[in-house]
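Novice: Pasting in a structure now, in structure tokens, and then I'll have a few things to ask.
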Amino acid sequence: MVSVHVSQAQVDTGVVVKKEIDNNGDTLYSNMLDEFMLKSMDTEEARKKYLKLIYNTKKVMPYAKLAAFRIQMLEDNLNQINGRKERNKYLKATEKQIKREFMEDLKKLSKSQGKLLLKLIHRETGKTTFSILKGYRGGATTIFWSAMAKFYDASLKVKFDPIEDYQINYIIEKYKLE
């Protein structure tokens, strides 16, 4: 018969640890694991696909975070500018700066990385890339970029769905990409 003394302590990670002492004086520790979703990687193809998703998420997440930051900064600055001409001048200057900084890197992304970036921008901003473009550049420019995305089998209206895209969320949390 084992007499059990249980104590609980909060660990830095938020995991509850149980300590049990048996009749022999041995101490047994047990941890409560965070909730996780288990998906069978029963084929080599599924495993490779998941590893590619990890790689792509790690590669494009910084761009999505930066896009969210830039959009917030842009909106804050636009709220302080009076007059349509000044706002348009600021928008064009910001667009040129962003193109100078990031266009070469973004051109090097694969199709799957580009599609993932569109989803992650929605995840970070709560807005689709289509609505962001339409809000700042107008309908004609948005239609042009939407057609370009279609050429690469992508959509600017794609949304991040936490249910459907649970693996992406898991990767972001596991590798602390937020």
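Novice: Contact list please: Cβ distance under 7 Å, first residue in the range 149-178 and within 16 Å of Ser112 (Cα to Cα), second residue assigned to a loop (DSSP other than H, G, I, E, B), pairs at least six apart or on different chains.
Specialist: Matching pairs, first to second residue: Ala149/Ser155; Ala149/Leu156; Leu156/Thr128; Lys157/Thr128; Val158/Thr128; Lys159/Thr128.
Novice: Still on this structure, please answer the following. What is the number of the single condition among (1) closer than 25 Å to Leu51 by Cβ; (2) assigned to a helix (DSSP H, G or I); (3) modelled with pLDDT under 95 that Glu178 does not meet?
Specialist: All conditions pass for Glu178, except number (2).
Novice: Oh, and also: Can you find even one residue in the range 121-140 that is assigned to a loop (DSSP other than H, G, I, E, B), at pLDDT below 95 and within 23 Å of Lys92 (Cα to Cα)?
Specialist: Yes, that holds for at least one residue.
Novice: Six or more apart or on different chains, Cβ atoms under 9 Å: show the pairs whose first residue is in the range 61-81 and closer than 12 Å to Thr94 by Cα and whose second is of a type in the set (Lys, Arg) and assigned to a loop (DSSP other than H, G, I, E, B).
Specialist: Ile71/Lys127
Novice: So, one more: Check the range 97-108 and report whether any residue there is under 23 Å from Ala154 (Cα atoms), over 16 Å from the mean Cα position of the chain (by Cα) and outside any helix (DSSP H, G or I).
Specialist: Yes: one or more hits.
Novice: Say we look at the range 142-175 and pick out the residues that are among the hydroxyl-bearing types (Ser, Thr, Tyr) and in a loop (DSSP other than H, G, I, E, B); which of these is surrounded by the most Cβ atoms within 10 Å (Cβ to Cβ)?
Specialist: Ranking the qualifying residues of the range 142-175, first place goes to Ser155.
The values are calculated or read from the model by the stated rules, or taken from the named source; none is laboratory data. Quick caveat, the model's predicted, so the values are computed rather than measured. Note: ideal-geometry Cβ built from the backbone for every residue, glycine included; neighbour counts use all protein chains shown.
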